[in-house]
1. Convex hull over the alpha-carbon atoms of the range 412-497: what's its volume per residue in Å³?
2. What is the helix-to-structure angle for 202-215, meaning the angle in degrees between its Cα long axis and the longest Cα principal axis of the chain, kept from 0 to 90 and rounded to the nearest 10?
3. How many Å³ per residue does the convex hull of the Cα positions in the chain occupy?
4. Which whole-Hz ³J(HN,Hα) couplings does the range 484-497 yield from phi under the Karplus relation 6.51 cos²θ - 1.76 cosθ + 1.60, θ = phi - 60°, glycine and proline marked x?
5. Can you work out the Karplus-derived ³J(HN,Hα) for every residue in the range 435-448? Use 6.51 cos²θ - 1.76 cosθ + 1.60 with θ = phi - 60°, whole Hz, and x for glycine or proline.
6. Considering only protein heavy atoms and a probe of 1.4 Å, how much of the accessible area of the chain is carbon and sulfur, as a whole percent?
7. Express the relative contact order of the chain as a whole percentage, based on alpha carbon pairs under 8 Å and six or more residues apart in sequence.
8. So, for the chain, what is the accessible surface per residue at a probe of 1.4 Å, expressed in square angstrom?
Amino acid sequence: MDSIKELREHFTKLKRLGYILALLGWDQQVYMPKGSVKARAEQIALIKGMIHKKLISPKTGKMISNAEKLKNLNLIDSAILREAKREYEQATKLPIELVTEIAKTAVLGHQAWEKAREKSEFSIFQQLLGKMIGLQIEMAEKLDTGPTLYSNLLDLYEPGATADWVSRIFNNLSQKLGVILEKLHDSSDKPNQSILKKFYDSEKQWKFSMEILKRLNFNFDIGRQDKSVHPFKTSLSSMDTRITTRISENSFPDCLFGTIHECGHALYEMGFKEEIHDTILSDGSSLGIHESQSRLWENFVGRSREFWIYWYPILQKYFPKNLKNYPLEDFYRSINTVQPSFIRVEADEVTYGLHVILRFEIERKLIEGEIQVSELPSSWNEKMEQLLGITPPNDAKGVLQDVHWSGGAFGYFPTYSLGNLYAAQIYSDALKKHPSLPEEFNKGEFSNLLAYLREEVHQHGKIYRPLELLKKITREELNPNYFINYLEKKFYSIYKI
Ligand code: ZN
């Protein structure tokens with residue numbers, strides 16, 4: 001067998017083991033009875049061990065070096081080789097003891113974090129978080145892929161990104177978001193969110209979310225939606241994508257926008273071209289690009305006026321008591337209220353980026369040794385005051401709110417904001433090429449936008465690196481002004497400025 005085919009098949013097997021792992025995880029979060037957790041953890045550890053052993057075996061190394069000798073590889077094969085080499089090198093650079101120690105600390109850390117958040121007491125989590133940061137620093141040293149320790153971690157989630165590059169983008173972004181926020185604050189005609197806090201029956205919310213999924217062309221032949229405590233998307237093969245949503249009867253946006261967000265992720269995974277199905281390339285280009293697809297549907301489409309011109313009359317029929325006499329324009333404004341708040345996942349489109357910038361600045365300093373874990377709550381509160389002008393009343397609403405650090409995900413947060421920036425630039429390109437898209441949304445027609453995304457983004461999976469893909473689509477480097485211009489245009493109109 002030729003060496004690239006051998007390499008491709010080897011990594012397809014690893015990918016399939018990964019899908020089996022994903023199925024165990026999906027079931028755990030959706031259906032599994034609570035008491036089965038120990039047995040499930042054993043099963044997950046077993047499959048993880050199998051994947052790791054196959055990945056780091058000398059056989060893998062030999063396949064890679066054989067494939068490297070080949071000349072004139074086509075686009076897909078050279079991307080397969082690039083990604084195989086990346087995964088192999090990442091895995092072999094890290095001693096198994098370190099990987100196991102991180103996994104164990106993550107389990108204990110998660111427990112401690114849950115308890116600490118519940119009691120709003122940082123000290124309960126402090127020791128294990130300190131240990132995790134130490135392990136992450138050790139991991140960053142071993143990886144040694146970028147110019148700084150933090151860059152090495154960032155590269156795990158956003159290949160090629162460095163701390164300095166992100167820092168330059170975020171400094172500019174935080175200044176511009178601050179200006180927008182101030183202007184909106186001074187408006188004398190602000191929207192009001194009270195309509196969203198009324199009682200919305202959960203069964204009806206579920207039905208509405210399923211109706212939206214169908215219209216957005218979510219393919220139920222190769223996917224499904226369920227409910228879970230924390231909404232997520234997972235793929236069990238290139239022909240099976242699962243999403244979940246969460247319903248809250250007194251906070252209407254949770255289910256609706258959660259569904260549209262995860263649908264955006266799912267449409268990406270459902271759109272990979274057949275040649276890369278189940279290969280190492282059947283994945284998003286990066287976490288940032290993946291997030292661009294969810295944000296594009298959730299915010300640029302799902303929170304647009306055009307979207308609701310079609311959907312609002314339907315929604316009014318679902319909830320006549322709350323909405324029959326409530327005007328479309330007021331509803332549109334209410335789902336686009338901008339208000340500095342403590343919790344990132346509930347933040348609006350303008351303040352969201354500031355929440356991410358806060359985490360980026362803090363975790364970068366933690367990894368580079370510029371602040372100690374004991375200083376975290378005070379650093380957090382200071383930064384929050386500086387960026388958003390508010391101070392959390394307690395640590396549960398401050399430094400303890402996110403799950404990421406307990407599991408060892410340092411360098412992950414920036415991908416959320418990069419996702420928004422990528423989305424704005426890609427969406428602007430879509431509008432340039434297809435100016436009639438918003439009019440189509442008025443009529444409940446979303447397939448031309450999907451066709452554009454399929455062509456430009458989805459089909460390629462992981463063939464291109466994130467910035468390479470962005471440039472291929474938009475013929476431009478990452479330009480955060482697309483995002484800023486989008487926010488100014490939309491929110492100055494909503495706030496009548
Ligand atoms: Zn997402």
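1. Details: hull volume 10.6 nm³, N = 86.
Taking only Cα atoms, the range 412-497 has a hull volume of 123 Å³ per residue.
2. So the inclination is approximately 70 degrees.
3. Values: hull volume 74.4 nm³, N = 497.
Expressed per residue, the convex hull around the Cα atoms of the chain is 150 Å³.
4. Using θ = phi - 60°, the values come out as 4, 4, 4, 5, 4, 4, 6, 7, 5, 5, 4, 8, 6, 9 Hz.
5. Whole-Hz 3J(HN,Hα) from phi for the range 435-448: x, 8, 3, x, 5, 5, 4, 3, 9, x, 10, 10, 6, 6.
6. Details: 11280 of 22110 Å².
Answer for the chain: carbon and sulfur cover 51 percent of the accessible area.
7. Details: 683 pairs, mean separation 102.9, N = 497.
The normalised contact order for the chain reaches 21 percent.
8. Numbers: 22110 Å² over 497 residues.
For the chain, the per-residue accessible area is 44 Å².
The values are calculated or read from the model by the stated rules, or taken from the named source; none is laboratory data. Just so it is clear, the structure is predicted and the values come from calculations on it, not from any experiment. When the accessible area is computed, the model is the full protein with side chains, heavy atoms only, and any ligands, DNA or RNA have been set aside. Shrake-Rupley method; radii C 1.70, N 1.55, O 1.52, S 1.80 Å.
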